[in-house]
1. Based on what the data block shows, is T228 within 15 Å of the ligand (Cβ to nearest atom), farther than 24 Å from A148 by Cα and polar (S, T, N, Q)?
2. Which members of region 78-128 meet the condition of being closer than 16 Å to T64 by Cβ and of a type in the set (A, V, I, L, M, F, W, C)?
3. Here's a check for you: in region 205-225, which residue that is touching a residue at least 60 places away in the same chain (Cβ under 8 Å) and among the aliphatic types (A, V, I, L, M) is farthest from the ligand (Cβ to nearest atom)?
4. Going through region 92-106 one residue at a time, which ones are more than 10 Å from the ligand (Cβ to nearest atom), of a type outside the set (G, A, S) and either under 18 Å from L246 (Cβ atoms) or part of a loop (DSSP other than H, G, I, E, B) (or both)?
5. Any residue at all in region 58-76 that's closer than 30 Å to P14 by Cα, crowded, with 20+ Cβ neighbours inside 10 Å and within 13 Å of the ligand (Cβ to nearest atom)?
6. When you look at I173, is it buried (at least 23 other Cβ atoms within 10 Å of the Cβ), touching a residue at least 12 places away in the same chain (Cβ under 8 Å), more than 27 Å from R199 (Cα to Cα) and more than 9 Å from the ligand (Cβ to nearest atom), yes or no?
7. Got a sec? Which of A148, A160 is part of a helix (DSSP H, G or I) and either without any contact (Cβ under 8 Å) to a residue 60 or more places away in the chain or among the basic types (K, R) (or both)?
8. Applying the selection to region 221-280, what residues are over 16 Å from A171 (Cβ atoms), assigned to a helix (DSSP H, G or I) and among the charged types (D, E, K, R)?
Amino acid sequence: MYKDKILRLLRSSPADFLSGEELARKTGISRTMVWKHIKSLEQEGFGIEAVPSQGYRILSEPDTLRKSDILQGLRTKFMGRTLHLHPAVASTNTLAMEMASLSSPEGSVVIAETQTAGKGRIGRTWISPKGNLYFSVVLKPNMQLQKAPLLTLMGAVAVASTVRTMLAQQAVIKWPNDVLIGQKKISGLLTEMSAEQDRIKYIVLGIGLNVNMDLVALPSDVRRNITTVAAETGKNIRRTPLLCQLLLDLEHWYRVFLEDEELVLSEWKKLNVTIGNRVTVRGLNDTLEGLAQGIDREGRLIITLDDGSVVHVASGDVTLKPVS
Ligand code: BTN
């Protein structure tokens with residue numbers, strides 16, 4: 001807490017030195033304690049210039065996520081107001097599911113710098129090196145079980161709109177919830193839930209957004225289809241404001257969803273690049289090919305197969321082939 005206060009003071013006067021005495025007076029602690037907190041900030045990666053008889057000045061900041069910075073930047077009513085930040089976890093989704101079962105409030109967020117067992121869709125692994133955003137949100141909508149996939153579509157709409165407005169990048173959505181720039185994936189979403197009879201008890205919406213990770217760290221076959229915010233914009237982006245905007249967009253679209261899910265579906269349709277294309281959908285056990293006609297009210301992809309039959313697909317991996 002005192003450390004955060006010192007950091008706030010240093011940030012508020014980036015050009016001038018603040019003496020140890022002044023920092024001590026303004027925070028109400030001793031100069032020795034000020035010095036200890038300065039050392040601890042340096043250990044976190046802050047570059048701090050210390051000049052005898054002048055004091056301290058901040059020179060550079062690491063791109064680490066700090067809980068106090070996130071809470072300060074949040075403009076949401078409930079999304080992210082309960083926040084659990086970890087340097088490393090197995091999977092933020094797994095942790096958020098546990099916390100939801102222990103009655104974490106709606107909008108609680110679990111976020112981690114890295115995941116050691118990040119989960120992707122269809123049982124895959126989500127490789128989670130440092131530099132990106134990995135977080136999961138607890139939601140408790142009062143709704144039917146079969147509508148749950150729509151919440152993932154809602155999440156994809158929120159991610160795409162953050163990327164568009166904040167980073168001026170033409171993000172699009174590939175069914176069901178891959179957010180792409182060009183043909184490359186920048187974000188993936190995974191929902192898990194607990195249900196009772198046909199009602200949802202709670203649902204965890206997990207989001208991975210590739211921000212600053214070094215693409216070279218990935219296996220080359222994975223790298224080919226993936227991009228990051230840094231690769232698209234040509235610069236490293238600070239993750240805290242990005243996260244705060246994303247939580248604000250998520251809150252907005254979640255509220256819209258609760259009011260009228262059709263509005264979310266129609267926004268999803270505007271952003272999607274799947275409908276109208278020939279698609280190959282690889283599921284766990286089978287592969288389908290045909291023309292993607294639309295999505296139904298439960299978020300399933302409607303495909304007309306080559307023999308003329310129409311199927312509604314609930315999950316799978318889509319490859320697009322433009323209609324010639
Ligand atoms: C996909 O396969 O596209 C979904 C990827 C979802 C990854 C995110 S990262 C945060 C959250 N925790 C996980 O273990 N998975 C999701």
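1. Spelling it out, T228 is indeed within 15 Å of the ligand (Cβ to nearest atom), farther than 24 Å from A148 by Cα and polar (S, T, N, Q).
2. Of everything in region 78-128, those that are closer than 16 Å to T64 by Cβ and of a type in the set (A, V, I, L, M, F, W, C) turn out to be L83, L85, A88, V89, I111, A112.
3. In this case the residue turns out to be A217.
4. The answer is L102, P105, E106.
5. Checking region 58-76: not a single residue is closer than 30 Å to P14 by Cα, crowded, with 20+ Cβ neighbours inside 10 Å and within 13 Å of the ligand (Cβ to nearest atom).
6. The answer is yes for I173.
7. Details: A160 fails: either without any contact (Cβ under 8 Å) to a residue 60 or more places away in the chain or among the basic types (K, R) (or both).
Within the list A148, A160, the selection yields A148.
8. Correct list: D221, R223, R239, E251, R255, E259, E261, E262.
The values are calculated or read from the model by the stated rules, or taken from the named source; none is laboratory data. Predicted model, so just to flag it, every value in this text is computed and none were measured. Every residue, glycine as well, gets a Cβ built from its backbone with ideal geometry; the counts of neighbours run over all protein chains shown.
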